[in-house]
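Accompanying notes for the structure given below.
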Amino acid sequence: VVLEVYQPEVLQSTLEMAVGQINILLQDEGKPGLVLESNTVNGLLIHSLRSEAVDKTVYYAYVGTYLIAAPDPALILQSLQYAGAAYSLTSSREFTSLLPKDSSVNMSGFLYHNLGPLLSPLASIPMGGLSPEGQESLQNLLRDTPPMMVSLYAEPNEITVAGGGDFASLWMNMNALSVL
C-alpha cells in the first residue's frame, strides 16, 4: 500500500496517540493491546504495528511524501529498489491497459492488483484436505487471476468508482473460494 502523506510527523503522532487510547480501552476490558515499534533497517526507519491478540503485524515507512505499508519490511525495501531503478507501474503494460480510456485520467485514487504472477506458482502445490473440486477451483483461481483496477474520482458532493479489467473473473474467483 502506498499513500501520499503531506505531514508524516503529524500522521505518526496521531497513530501513536490512537494506539495509546485504544490500548487504554482494551486494557479496561482485559484484552491484549497493540504494539507500535520502530526499527532502522538498511538506514530506513520502519515502523510496525502489531496486535498482541493475533499474530499480525503491519510494517510501514515514510519515504518523502509517501507512506509505504506492507506485511513484511523486505517488501518496503524492495519497493524502494524498484523506485531507484525507475521501475514503476506506468511502465507496466498490464497497468496502462487498465487506465481509463476517456478523459478522466485525473483520479483521486485507485486500487490495482496483478496477483497472477505471484499466485500462479502456488497452483502446483497439493492442498491437503480439499475435495478434488475444491483443489481444482483453487488451482484455477491461483493460475488465472487477471490484473484489475478500480479508479476513484472525488467530486465536491460524490465519489465515483469505475473499474477496469476482467470483473467476471473476479466473481468466478470469489465463487471458487466459496467452494473451499
*So for His47, His113, what's the accessible-area order with a 1.4 Å probe, most first?*
His113, His47
*Roughly what would the spin-label model give for Asn39 and Val1, points 7 Å off Cα along C-beta, in nm?*
2.1
_3J(HN,Hα) from dihedral phi, segment 77-93, Karplus parametrisation 6.51/-1.76/1.60, rounded to Hz, x for glycine, proline_ = 5, 5, 5, 5, 5, 4, 4, x, 8, 6, 8, 9, 4, 5, 9, 8, 4
_Using θ = phi - 60° and Karplus 6.51 cos²θ - 1.76 cosθ + 1.60, couplings along segment 23-32 (whole Hz; Gly, Pro as x)_ = 5, 4, 4, 5, 5, 4, 8, x, 9, x
_For Val63, distant residues with modelled amide H under 5 Å away_ = Ile68
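The values are calculated or read from the model by the stated rules, or taken from the named source; none is laboratory data. Not measured: the values here are computed from a predicted model. Cβ coordinates were reconstructed from backbone atoms using ideal geometry, including for glycine residues, and neighbour counts include every protein chain displayed. Heavy atoms of the whole protein, side chains included, go into the accessibility calculation; ligands, DNA and RNA do not. Shrake-Rupley method; radii C 1.70, N 1.55, O 1.52, S 1.80 Å.
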